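Okay, so here's the structure we're looking at.
The values are calculated or read from the model by the stated rules, or taken from the named source; none is laboratory data. Fair warning: this is a prediction, and the values are worked out from it, not measured in the lab. Here the Cβ positions follow ideal geometry from the backbone for every residue, glycine too, while neighbour counts run over all protein chains shown. For accessibility, only protein heavy atoms count, side chains too; no ligands or nucleic acids. Shrake-Rupley method; radii C 1.70, N 1.55, O 1.52, S 1.80 Å.
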Amino acid sequence: MSNRSQLISTGKPFQFDRERDAEFERLSTRYPTRESLILPALWLIQEQEGWICQEALAYAADRIGTFASKLYEAVTFYTMFHLHPMGRNHICVCRTLSCWLLGKQEIVDFLKNEIGITPGQISEDGRFSLEEVECLGHCGTAPVVQVNGEFHENMDAGKLKELLATLP
Amino acid sequence: MADKIKLFVNGVEVEVEAGKNLIDAIGAVGIEIPHFCYHPALGSDGNCRMCLVGIEDGRPPLVPACKTPAQAGMKVLLDAAHIKKIQHDVMELELINHPIDCPICDQAGECKLQDFYMSYDKQPSRMTVAQVKKGKKLDYGCGIVHDQERCVLCARCVRFCRQITKTGELGIVNRSDAAQVEFFPGRPINNRYAQNIVDLCPVGAMTSADFRFKQRVWFLKRAKGICHGCAKGCNITIEHNREKYQEDRIYRFLPRLNPQVNGYFICDKGRYSYHKENEGRLTVARQGSQVRNQADALAACNQEISRSPKIAMILSPNCSLEEMVAVKSLAEKLGATLSGFSDGYISAGDGDGYLIQDDKSANRAGLGILGINSNRAVFEKDLGEAQLLVNFNNDLTRSYTEPELRALLKDTKMILAASHDDGLAAMAAIAIPIAAASEYSGSLVNCDNILQSFTKAVSKNHDPVDIGTLAAQLGSPLQTRAEQFSELRKYLSVLKNFEADTLPAEGLKLTDNEATHVTA
Ligand code: SF4
Ligand code: SF4
Ligand code: FES
Ligand code: FES
């Protein structure tokens, strides 16, 4: 397991945009306690910025009315939260058993040749980032790749090549 | 008194208090269930699994003792082979990445990991992969030094900041073997009770910058005391040691459990007040700028007293009831006025509704009980009319600036009995060293009208007297502590069933009548 405790400070204040603000307010009536808003708030930040900086965490803690340390715990525990900027398109390749048996390495190798990045890296032009993740829960249609949150099942190098071509 | 129930531990019947969890219930009769994360003040968290026990009644094979209430007839298994195996395995897990730096760890001697290793594990390591190394000697704020490697992730420190101080500085970040206690970047621990974290930490992961490496804990002698830092009167353990040829020194104050007064904790300021017991002390008697031995200084005092037609006396609101009553009798005998004026001991707005009080004196309630006037104008008037002021350790520099004091004293001479050599000693005609709070016995009444007693913890080489003894030497009719105590019974009828030093450990709650000075 890696140490994710180094938060990045942008030095700039963070704020939800109009849309996220409204969504946050809508969600806040949904739970019996405000602390239940921790995970949704983290998702909203990530949706807005693509990643989560120190200022955003402090902001969300204030909005929720809880200790910043609690958001710090959650954001470092769940690896799907990005603590630094990612590529414009974030690719997650499942590396757990079913996907592994059915050829996840082929996909990873393909990406290495095609765009020159290995898991954990961001392409030089900032267009792609790659990450290997644990079971995505689509074992029946393994191997599975998740691109910008969307699942792509029964993947292989050829299909992935077509998919990449459609991405910004 | 809580109800008692009977249950079985390893087949042996024991009687325990109902309503407690197994750790506390069985612990009270001397049977240990090892545990890291549970603490009675913080509740159970169930994260360490060190406390797993068996219950022979068809429950799951293992239950955490910290979350299991004791019930009548329960059959608790601690010594079965599968429980021993669990204890070994949990210990092994805890020690996978733990640095074995006990010889240099400041917690050695009071570390639960070390103790439990010796009692429940003692196996060679089976680890073949490299240890995960984490940060060492990190500054976590408020004088707390964190050694991440040693942490067993019991989260006591985290829960203390969230539940007790409600400041929530700490969290456990990351997961699995990267998990570690952290503060949010730029927001280190910042509360007035932070040092309790060091006491709560069962291992050497949180240590005190103030205490680290000053002493091995097994060299320290322990005595019970009452903090004199404010009117709360928190119960403390005074840990001290006299190294060969040296003075007896206090190394730390630790909180001592008293559910009626301070629970498990004390404030940092009170904790650090031990420094004042060690330092800045008045150790020799002086007449003017001349050093005098105690007997000569006393003789000089008696001479001054006998030649002054009008004497004013003042005492400190930190004096014990015994001291107060002795001085009061002395004043009455000499026809002197007596004041407890001490506005300077009050720091308005500093109290926090928890332990810390505005009133930084330990026995202001005692002044009321004994009917000692504390009015400023009355004191100043009395002083103006007197040729001599006998000051029993009242730090008047808290209430007046030096020029104000000089103006007030004008040609009134001052005899000063003081534990500390502050600005006041220089203004005194005669200054006599007396004992500080850790060096004598007595009783106090706190802000909640709880009467508590404390006993002498530390013996200094120059062995200063307490104010009660000094008052006796100056002619108080109450010559011994026993006489002082029986005089106190006239003011406090609750004392009729007690002797000095036999008050209940948790103190005596006075009735409103007693506290507001209705003499028996
Ligand atoms: S630092 Fe100490 S109290 Fe805090 S989680 Fe670690 S072992 Fe527990
Ligand atoms: S709250 Fe008052 S009595 Fe308690 S430790 Fe602090 S200063 Fe001492
Ligand atoms: S193993 Fe890849 S989705 Fe489950
Ligand atoms: S004390 Fe019970 S799980 Fe830690």
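So for the range A:63-158: antiparallel DSSP bridges make up what percent, rounded to the nearest 5? All intermediate terms of the calculation are to be shown ahead of the outcome.
Values: 7 of 13 bridges.
In the range A:63-158, approximately 55 percent of DSSP beta bridges are antiparallel ones.
From the square roots a ≥ b ≥ c of the eigenvalues of the alpha-carbon gyration tensor of the protein assembly as shown, which class results: rounded (a/c under 1.5), prolate (a/b over b/c), or oblate? Kindly include the intermediate steps, with their values, before the conclusion.
On the way: a/c = 2.79, a/b = 2.09, b/c = 1.34.
Prolate.
Go through the range A:22-69 and flag every residue whose accessible area shrinks by 40 Å² or more with all protein chains in place compared to the isolated chain (probe 1.4 Å).
Hits at the 40 Å² cut-off: A:54, A:67, A:68, A:69.
Calculate what fraction, in whole %, of the accessible area of the range B:111-210 sits on carbon and sulfur atoms when a 1.4 Å probe is rolled over the protein chains. Could the numbers behind the result be given before it?
Details: 2230 of 4100 Å².
The computed percentage sits at 55.
Just to be sure I understand the model, the point goes 7 Å from the Cα along the line to the Cβ. What's the resulting residue B:284 to residue B:347 distance in nm?
3.3
So, for chain B, what is the accessible surface per residue at a probe of 1.4 Å, expressed in square angstrom?
Working: 22110 Å² over 520 residues.
Per residue, chain B has 43 Å² of solvent-accessible surface.
Could you report the accessible area of residue B:382 in Å², rounded to 10, computed with a 1.4 Å probe on the protein chains as they sit in the structure?
About 20 Å², ignoring ligands and nucleic acids.
Which Cys in chain A stand alone, with every other cysteine's Cβ at 4.7 Å or more from theirs?
A:53, A:92, A:135, A:139
Take the residue pairs B:328/B:460; B:214/B:244; A:70/B:166 and return only those whose Cα atoms are more than 21 Å apart. Working shown, then result.
Values: B:328/B:460 27 Å; B:214/B:244 15 Å; A:70/B:166 13 Å.
From B:328/B:460; B:214/B:244; A:70/B:166, over 21 Å: B:328/B:460.
Taking Rh as the Kirkwood radius, which is the inverse of the mean 1/r over Cα pairs, what is the Rg/Rh value for chain B? Can you show the working numbers first?
On the way: Rg = 27.0 Å, Rh = 25.7 Å.
We get a ratio of 1.05 for chain B.
Using only the alpha-carbon atoms of the range A:72-153 as identical scatterers, what base-10 log of I(q)/I(0) does the Debye formula give at q = 0.10, 0.18, 0.19 Å⁻¹?
The computed values of log10 I(q)/I(0) come out as -0.23, -0.74, -0.82.
Using a 1.4 angstrom probe and counting only protein chains, how large is the accessible area of residue B:128 in Å², to 10?
It works out to around 130 Å².
Within straight cross-link reach of residue B:85, meaning Cα distance under 21 Å, which lysines are found once same-chain residues fewer than 8 apart are removed?
Correct list for residue B:85: B:67, B:75, B:112, B:122.
Take every Cα pair under 8 Å in the range B:334-461 that's 6+ residues apart, average their separations, divide by the length, and report that relative contact order as a whole percent.
Details: 175 pairs, mean separation 26.8, N = 128.
Relative contact order for the range B:334-461 comes out at 21 percent.
Starting from the Cα of residue B:132, step 7 Å along the direction of its Cβ; do the same at residue B:62; then give the gap between the two resulting points in nm.
2.0
Quick one: putting +1 on the C-beta of Lys and Arg, -1 on the C-beta of Asp and Glu, what dipole do you get for chain A around its Cα centre, in Debye to the nearest 20?
Numbers: 16 positive and 23 negative charges, 55 e Å.
Rounded to the nearest 20 debye, it is 260 debye.
Rolling a 1.4 angstrom probe over the protein heavy atoms, how many square angstrom per residue are accessible across chain A?
Numbers: 8940 Å² over 168 residues.
Accessible area per residue: 53 Å².
Could you put B:88, A:84 in order of accessible surface area, largest first, with the 1.4 Å probe and the full protein assembly present?
A:84, B:88
Kindly work out what percent of the DSSP beta bridges joining two residues of chain B are antiparallel, to the nearest 5. Numbers along the way, then the final one.
Values: 48 of 68 bridges.
If I count the DSSP bridges inside chain B, around 70 percent turn out antiparallel.
If R0 is 56 Å, what FRET efficiency do you get for residue B:448 and residue A:166 from their C-beta distance, rounded to 0.05?
Working: r = 73 Å, r/R0 = 1.30.
Result of the calculation: an efficiency of 0.15.
For the range B:27-104, what relative contact order do you get, as a whole percent, if you take Cα pairs closer than 8 Å and at least 6 residues apart?
Working: 71 pairs, mean separation 17.9, N = 78.
Relative contact order of the range B:27-104: 23 percent.
Compute the relative contact order of chain B as a whole-number percentage, counting only Cα pairs closer than 8 Å that sit 6 or more residues apart in sequence.
Working: 1025 pairs, mean separation 56.3, N = 520.
Once normalised by length, the contact order is 11 percent.
Given a 1.4 Å probe and the protein chains all in place, what does the accessible area of residue B:289 round to, in Å² to the nearest 10?
Result for residue B:289: roughly 100 Å² accessible.
If B:146, A:138 are ordered by their accessible area, calculated over protein heavy atoms with a 1.4 Å probe, which sequence runs from highest to lowest?
Values: B:146 0, A:138 50 Å².
So, going from the largest accessible area down, we get A:138, B:146.
What is the dipole size for the protein assembly as shown, taken about its Cα centre, with +1 at each Lys and Arg Cβ and -1 at each Asp and Glu Cβ, in debye to the nearest 20? If you can, show how the numbers build up before the last one.
Details: 77 positive and 86 negative charges, 210 e Å.
So the magnitude is around 1020 debye.
Output ³J(HN,Hα) for the range B:116-124: one whole-Hz value per residue in order, computed from phi by the Karplus curve 6.51 cos²θ - 1.76 cosθ + 1.60 with θ = phi - 60°, and x for Gly and Pro.
So the J values, rounded to whole Hz, are 5, 4, 5, 8, 10, 10, 6, 10, x.
Looking at chain A only, what percent of DSSP beta bridges run antiparallel? Nearest 5 please.
Values: 7 of 13 bridges.
Once the DSSP bridges in chain A are tallied, antiparallel ones form about 55 percent.
Rounded to the nearest 0.05, what FRET efficiency do residue B:247 and residue A:101 give with R0 = 51 Å and r taken as the Cβ-Cβ distance? Could you check? If you can, show how the numbers build up before the last one.
Numbers: r = 74 Å, r/R0 = 1.45.
Efficiency, rounded to the nearest 0.05: 0.10.
Compute for chains B and A the buried accessible surface, both sides summed, probe 1.4 Å, and express it in Å² to the nearest 100. Provide the component values of the computation, followed by the final result.
On the way: alone 22960 and 9750 Å², together 31050 Å².
The B and A chains share an interface burying roughly 1700 Å².
Of B:127, B:74, A:86, which has the most accessible area with a 1.4 Å probe, and how do the rest follow in descending order?
On the way: B:127 80, B:74 10, A:86 50 Å².
Highest to lowest solvent-accessible surface, that is B:127, A:86, B:74.
Is the C-alpha gyration tensor of the range B:366-473 telling us rounded, prolate or oblate? Criteria: a/c under 1.5 is rounded; beyond that, a/b larger than b/c is prolate, otherwise oblate. Before the final figure, lay out each step's value.
Numbers: a/c = 2.13, a/b = 1.33, b/c = 1.60.
Because a/c hits 1.5 or more and a/b fails to exceed b/c, the range B:366-473 counts as oblate.
In nm, give the distance between the simple-model label positions of residue A:22 and residue B:506, each being 7 Å from the Cα along the Cα-to-Cβ direction.
A separation of 5.9 nm, rounded to one decimal place.
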